[in-house]
Protein chains: 2
Amino acid sequence: MRAMARGSTREEILSAAAGLFAADGYKGTSLQDIAAAVGCSKATLLYHFATKEMILATLLAPPVRDLVTLTEQVAGRPAAEAQQQAIEGFVDLVLNYRREIALIFHDLAFLFNESSFADLRDLTDVLGAALAGGAKDPAALVKARVMMAGIALITVDPVEGVDVRAVLIDVARRALVQRA
Amino acid sequence: MRAMARGSTREEILSAAAGLFAADGYKGTSLQDIAAAVGCSKATLLYHFATKEMILATLLAPPVRDLVTLTEQVAGRPAAEAQQQAIEGFVDLVLNYRREIALIFHDLAFLFNESSFADLRDLTDVLGAALAGGAKDPAALVKARVMMAGIALITVDPVEGVDVRAVLIDVARRALVQRA
DNA sequence: GTCTATAGGATGATAGAC
DNA sequence: GTCTATCATCCTATAGAC
């Protein structure tokens, strides 16, 4: 047989890179790391992809494409309908591309896995339990985590003209507190 | 005067590092970058801090300390009371340490600022508007962003034994959809 | 298409003068 | 305490043989 049925080198590179980027982040992964995982040389990587960043761009192209599609679908619909569709569409998109999205947040994993900050996970688990309001089911814990992460992430890009504190508390209560 | 009243070199290093880590991430910031920002040599940095990681650890110590305090405070209280306190306490903690928390998520900023992915911000803005359900006020947009980020971040650390999709859709609806 | 070899530069950290 | 000079290592990317 001339070539292997599965996985041309190019696809093996993408697969290995996806795993390494998700585990160690983009900057935390070197061409050497990818080459070792694939079992080829760095030069081979750069034969198939012009630069390291092109590997990342190729990996992220499908989720970005789906995001474009989703935004097009919700555009111009009645607000309430668009909202429901945006919620379900975004959740599905995220679940379909877990690995690609996880690599965006690699520093989080880095921190949680560094020995010096190992307690962090325990701390957030305790806080998550409190946020779940005593509910012990996994669903409540997932919701608590979603809210912790979401609140933490608004720090990346501040918003003007709002009482951010009040808004964050409100959205967390809506999401987490049982209605009477 | 023997020494400057404000900012010993050590504190100038911490201040410069905080800004650079937040902007470019921990791995994306070199000792050289910090030294240039402070106006000293790399050797001076490493006189004050044993390693680069020690600079990060020093920076993160206060928020971690506050997180410990918060978890202690909610521990052993009635669930409903603990929940309210956890929500407010966590929001305040995040707002108090915006910069320190932002550095954890630097890859996000990296992606959004890379020219190849410049459209991403526009896309998420459109999706955020849809998630806000037609509401135009900044508060609704903040809530939409919180939910997008929170949902995206559950990919970092999957949960077992739940219908994740259903839970995510439920928490997003609770947080975002106006009640009748 | 894949390799070895290497260019050319940045990195974290150290040694030792002042 | 701060510096210059340097080490040893890593990095992305290229050149050229096969």
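Past 30 Å, Cα to Cα, is the threshold; run A:42/B:27; A:143/B:136; A:136/B:136; A:27/B:136; A:27/B:42 against it and keep the listed order. Please list the in-between numbers first.
On the way: A:42/B:27 22 Å; A:143/B:136 25 Å; A:136/B:136 36 Å; A:27/B:136 37 Å; A:27/B:42 22 Å.
The answer is A:136/B:136; A:27/B:136.
For the rotation taking chain A to chain B, which residue of A has the Cβ nearest the axis, and how many Å away is it?
Closest to the rotation axis on chain A: A:150, 1.
Tally Lys/Arg at +1 and Asp/Glu at -1 over every other residue whose Cβ is under 14 Å from the Cβ of residue A:83; what's the total?
Working: positive: A:77, B:136, B:143, B:173, B:174, B:179; negative: A:81, A:88.
Spelling it out: positives minus negatives among the neighbours equals +4.
Report, for residue A:161, each distance to the same residue's label point in the other copies, shortest first and in nm; define the point 7 Å along Cα→Cβ.
Label-point separations across copies, in nm and ascending: 4.6.
Mind putting together the pair-distance distribution for the stretch B:9-48? All Cα pairs, 10 Å bins, whole percent per bin, short to long.
For the stretch B:9-48, the pair-distance distribution reads 35, 59, 6.
Rank by packing, highest mean first: peptides A:27-33, B:80-86, with packing defined as the count of other Cβ atoms within 10 Å averaged across residues. It would help to have the intermediate numbers written out before the result.
Details: A:27-33: 16.9, B:80-86: 19.0.
Ranking the peptides A:27-33, B:80-86 by packing returns B:80-86, A:27-33.
Taking residue B:57 in one copy and the same position in all the others, each labelled 7 Å out along Cα→Cβ, what are the pairwise distances from the first, in nm, shortest first?
Counterpart label points of residue B:57 in the remaining copies fall at 4.0 nm.
Which value does Rg/Rh take for the stretch B:60-176 over its C-alpha atoms, Rh per Kirkwood? Let's see the in-between values first.
Working: Rg = 16.7 Å, Rh = 16.7 Å.
Rg/Rh for the stretch B:60-176 comes to 1.00.
Short version: what are the Cα gyration tensor semi-axes of the protein assembly as shown, square root of 5 times each eigenvalue, largest first, in whole Å? Let's see the in-between values first.
Values: eigenvalues 209, 190, 76 Å².
Rounded to whole Å, the semi-axes are 32, 31, 20.
Which whole-number percent is the relative contact order of the stretch A:31-180 (Cα, under 8 Å, 6+ apart)? Present the calculation step by step, with values, prior to reporting the outcome.
Numbers: 60 pairs, mean separation 18.6, N = 150.
RCO, the stretch A:31-180: 12 percent.
On average, how many beta carbons from a partner chain sit within 10 Å of the beta carbon of a residue in B:73-83? Please list the in-between numbers first.
Details: counts 1, 5, 3, 0, 1, 1, 6, 4, 2, 7, 13.
Partner Cβ neighbours, averaged per residue: 4.
Counting Lys +1, Arg +1, Asp -1, Glu -1, what net charge surrounds residue A:50 among other residues with beta carbon under 14 Å of its beta carbon?
Values: positive: A:10, A:42, A:52; negative: A:53.
Result for the neighbourhood of residue A:50: +2.
Kindly provide the helix-only [θ] at 222 nm of chain B, computed as the sum of -39,500 (n - 2.57) over DSSP H runs of four or more divided by all residues, to the nearest 500 deg cm²/dmol? Could you put the intermediate results ahead of the total?
On the way: 10 runs with 127 residues, N = 180.
Helix-only estimate at 222 nm: -22000 deg cm²/dmol.
Over the stretch B:9-48, what is the mean sequence separation of C-alpha contacts under 8 Å (at least six apart), divided by residue count, expressed as relative contact order in percent?
Details: 24 pairs, mean separation 16.8, N = 40.
Computed value for the stretch B:9-48: 42 percent relative contact order.
Coordinate-derived values only; no laboratory data. Just so it is clear, the structure is predicted and the values come from calculations on it, not from any experiment. We place every Cβ from the backbone using ideal geometry, glycine too, and count neighbours over all the protein chains shown.
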